[in-house]
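*Asks:* Structure below; questions to follow.
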Amino acid sequence: MQKLVVREGDLVTLVVALTTPPVSATLTPPPPFPLQGSAGFRVEGHVACVPDDIESLRIAGVGYVVPPTFPLAGLGTVELKVPRGNRAQYARTAQGKEVVVDGGPLDLVFTPTTPASNPPAKDEVKKYKGTATLTCVRGRPVTAGPAS
């Protein structure tokens, strides 16, 4: 199955619902942000992305709440992980690194730095899990996959 190659300028949007059973939290995410590519080759004039381009991102100062237990907002840092379904098996850089493809949502880890609270209590969860979506902006589809 062929998938769109992720390249610089494609957008990542954080999904607001986080879950860490039995607790769930809600992010106040920043607007979608464009990716930077470093694959060493271009797709439609834009540099393709490798997993490190996404996994090295640290988005600090993202607000969150844990309704109804901790209604006062806290802050934290978001990190993204590229799951196996988003790694091309047939498209690689000259150094052998896999190229990122649009194979579904990215994994998201949210780490509170200033816990949400309801004084005097505060959120004790150390990490929340969630997802982020990719939006691959294209004039025409460019795909990566096995030759037919």
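*Asks:* Could you check region 82-117 and list, in sequence order, the residues that are loosely packed, with under 14 Cβ neighbours inside 10 Å, assigned to a strand (DSSP E or B) and of a type outside the set (Ser, Thr, Tyr)?
*Replies:* 89
*Asks:* Please verify whether residue 85 is out of contact with any strand residue (DSSP E or B) (no Cβ under 8 Å at 6 or more places or on another chain) and free of Cβ contacts under 8 Å to residues at least 12 places away in the same chain, treating the condition exactly as stated. Spell out the reasoning first.
*Replies:* Working: out of contact with any strand residue (DSSP E or B) (no Cβ under 8 Å at 6 or more places or on another chain): yes; free of Cβ contacts under 8 Å to residues at least 12 places away in the same chain: no.
No: the conditions fail for residue 85.
*Asks:* List every residue pair whose Cβ atoms lie under 9 Å apart, where the two residues are 6 or more positions apart in sequence or sit on different chains, the first residue falls within region 100-123 and is within 30 Å of residue 37 (Cβ to Cβ), and the second residue, located anywhere, is buried (at least 21 other Cβ atoms within 10 Å of the Cβ) and of a type in the set (Phe, Trp, Tyr).
*Replies:* 108/128; 109/128; 110/64; 110/128; 111/128
*Asks:* On to the next question. Please verify whether residue 29 is surrounded by 14 or more Cβ atoms within 10 Å (Cβ to Cβ), modelled with pLDDT under 90, out of contact with any helix residue (DSSP H, G or I) (no Cβ under 9 Å at 6 or more places or on another chain) and within 20 Å of residue 131 (Cβ to Cβ), treating the condition exactly as stated. If you could, list the steps in order and put the result at the bottom.
*Replies:* On the way: surrounded by 14 or more Cβ atoms within 10 Å (Cβ to Cβ): yes; modelled with pLDDT under 90: yes; out of contact with any helix residue (DSSP H, G or I) (no Cβ under 9 Å at 6 or more places or on another chain): yes; within 20 Å of residue 131 (Cβ to Cβ): yes.
The answer is yes for residue 29.
*Asks:* Give the residue, chosen from 45, 40, that is farther than 17 Å from residue 133 by Cα and free of Cβ contacts under 8 Å to residues at least 40 places away in the same chain.
*Replies:* Values: 40 fails: free of Cβ contacts under 8 Å to residues at least 40 places away in the same chain.
Answer to the check: 45.
The values are calculated or read from the model by the stated rules, or taken from the named source; none is laboratory data. Just so it is clear, the structure is predicted and the values come from calculations on it, not from any experiment. All Cβ positions, glycine included, derive from the backbone under ideal geometry; neighbour counts span all protein chains shown.
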